[in-house]
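Structure first, commentary second.
The values are calculated or read from the model by the stated rules, or taken from the named source; none is laboratory data. Small disclaimer: the values here were computed from a predicted structure and weren't measured. Here the Cβ positions follow ideal geometry from the backbone for every residue, glycine too, while neighbour counts run over all protein chains shown. The area values use the complete protein model at the heavy-atom level, side chains included, leaving out ligands, DNA and RNA. Shrake-Rupley method; radii C 1.70, N 1.55, O 1.52, S 1.80 Å.
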Amino acid sequence: MATPRLFLDSPLHEGAHIELGKEACHYILTVMRLKGGDQVRIFNGQDGEWLGELGDVSKKTAILAVTRQVREQRKTPDLELLFAPVKKTRTDFIVEKATELGVSIIRPVLTHRTIADKVRVERLMATAREAAEQTERLDLPDVEDAVSLEKVLKDWPEGRVLIFCDEAGDNPGEDWGADAGRAGPLLEVLKTLDPNQPVSLLIGPEGGFDDKERTLLRSLDCVRPVSLGPRILRADTAACAALGVIQAVIGDWSLTPRQ
Ligand code: SAM
């Protein structure tokens, strides 16, 4: 069995002794059935990955002695996922997969056709943490509160590119069509970007974007409308597919596991 991994929000250095909280204890003692003297790998998003040894263990508490560093911290690419929340399990799926695929920021965005009425950020953070522990990441993505599409666009940071996945493709007969920027294949659009430019990806709700949103998005200089091919993908599929292509072309997929 691989040595279990845990995210801990504590400074990690040789000789540190960390008292594990309730959730960590449950995972380590009940789920993984570890005992005093067993090893755990730990990370906190800043100090790389460390080995720790379980000391005193009772039913609900455990002390972990940090012994040595096994990996140095590495920066995750500045890649943000903006997505319109969908049904609960599919939203969880998007957060889990986006974390595995290496995004640094996850932000639910409320569009005109978003159907989810509530976004439970705490729950999404827990999903992201579990995915990061499992996937050998050295950090967690920031999971932000839900915000309206209009507000995101109003506060858009200078120099950041917004890859807008637009299922409507590129109809030159529409207001948002040819005059307002063409929706090119994702791969071709990525090739035109400066590799150091921070990137955000925007995925719409199951009902898609409406024409008002599409017109606004296509009028902005930071926006690159893209197509993900001839099939209309579900929002969760679209997010995974686009993130995979982005990571392969301008992200960190030149690295190998655990690098
Ligand atoms: N109801 C919409 C329709 O039938 O045209 C489909 C919306 S789709 C289920 C959800 C989101 O996934 C879209 O808003 C878009 O961001 C993305 N998406 C799905 N397929 C796509 C494609 N072929 N090209 C670009 N984006 C796509």
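Restricted to region 237-255, and to residues that are in contact (Cβ under 8 Å) with a residue 40 or more places away in the chain and either closer than 19 Å to ALA168 by Cβ or part of a loop (DSSP other than H, G, I, E, B) (or both), which residue is nearest to the ligand (Cβ to nearest atom)? Show your work before the answer.
Our first condition is that a residue be in contact (Cβ under 8 Å) with a residue 40 or more places away in the chain; within region 237-255, this holds for 238-240, 242-247, 249-252.
Then drop every residue that is not either closer than 19 Å to ALA168 by Cβ or part of a loop (DSSP other than H, G, I, E, B) (or both), which leaves 238-239, 242, 250-252.
Details: ALA238: 3, ALA239: 8, ALA242: 8, ILE250: 18, GLY251: 19, ASP252: 23 Å.
Top of the filtered list is ALA238.
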message: Among the listed residues ASP170, ASP210, identify the single one that is among the charged types (D, E, K, R), open to solvent by less than 50 Å² (accessible area, probe 1.4 Å) and either free of Cβ contacts under 8 Å to residues at least 60 places away in the same chain or more than 15 Å from the ligand (Cβ to nearest atom) (or both).
response: ASP170
- line: Taking region 140-150 and keeping only residues that are surrounded by 19 or more Cβ atoms within 10 Å (Cβ to Cβ) and not hydrophobic (A, V, I, L, M, F, W, C), one is left with PRO141
query: In region 96-140, what count of residues is obtained for those that are assigned to a helix (DSSP H, G or I), of a type in the set (Asp, Glu) and over 21 Å from ALA241 (Cβ atoms)?
result: 3
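Determine whether LYS118 is over 20 Å from GLU96 (Cβ atoms), open to solvent by 80 Å² or more (accessible area, probe 1.4 Å) and more than 13 Å from the ligand (Cβ to nearest atom).
The answer is no for LYS118.
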- prompt: When residues of region 84-113 are filtered for being within 14 Å of the ligand (Cβ to nearest atom) and touching a Gly at 6+ places or on another chain (Cβ under 8 Å), how many remain?
  reply: 3
- request: Go through region 1-68 and tell me which strands (runs of 3 or more DSSP E), entirely inside it, have 1 or more residues that are open to solvent by 50 Å² or more (accessible area, probe 1.4 Å).
  value: 17-19, 39-43, 49-57
- prompt: Taking ARG258, is it of a type in the set (Lys, Arg), away from the ligand (no atom under 13 Å from the Cβ) and either part of a loop (DSSP other than H, G, I, E, B) or closer than 21 Å to LEU153 by Cα (or both)?
  reply: yes
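Yes/no matrix, rows are residues, columns are (1) more than 16 Å from the ligand (Cβ to nearest atom); (2) surrounded by fewer than 19 Cβ atoms within 10 Å (Cβ to Cβ); (3) under 30 Å from ASP117 (Cβ atoms):
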{"site": "LEU202", "(1), (2), (3)": "no, no, yes"}
{"site": "PRO205", "(1), (2), (3)": "no, no, yes"}
{"site": "ASP221", "(1), (2), (3)": "yes, yes, no"}
{"site": "VAL226", "(1), (2), (3)": "no, no, yes"}
{"site": "ARG234", "(1), (2), (3)": "no, yes, yes"}
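Let's see how each residue does on (1) under 22 Å from the mean Cα position of the chain (by Cα); (2) hydrophobic (A, V, I, L, M, F, W, C):
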| site | (1), (2) |
| --- | --- |
| ASN171 | no, no |
| LEU187 | yes, yes |
| THR215 | no, no |
| ARG224 | yes, no |
| ARG234 | yes, no |
| ALA241 | yes, yes |
| VAL245 | yes, yes |
| GLY251 | yes, no |
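Can you pull out every residue in region 93-110 that is touching a helix residue (DSSP H, G or I) at 6+ places or on another chain (Cβ under 8 Å) and either open to solvent by 30 Å² or more (accessible area, probe 1.4 Å) or at positive phi (or both)? Walk me through how you get there before you give the answer.
Pass one, region 93-110, residues touching a helix residue (DSSP H, G or I) at 6+ places or on another chain (Cβ under 8 Å): 93-103, 106-110.
Selection gives PHE93, GLU96, LYS97, GLU100, LEU101, GLY102, ARG107, LEU110.
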statement: Filter region 236-259 for residues that are within 19 Å of ASN196 (Cβ to Cβ) and among the polar types (S, T, N, Q); the one that is least open to solvent (accessible area, probe 1.4 Å) is GLN247
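Quick check on region 163-170. Is at least one of its residues at pLDDT 90 or above, of a type outside the set (Val, Ile, Thr) and farther than 19 Å from ALA248 by Cβ? First the steps, then the outcome.
Of region 163-170, the ones at pLDDT 90 or above are 163-166.
Checking the rest, the ones that are also of a type outside the set (Val, Ile, Thr) come to 164-166.
Applying the additional criterion that residues be farther than 19 Å from ALA248 by Cβ yields 164, 166.
Taking every residue of region 163-170 in turn, at least one turns out to be at pLDDT 90 or above, of a type outside the set (Val, Ile, Thr) and farther than 19 Å from ALA248 by Cβ.
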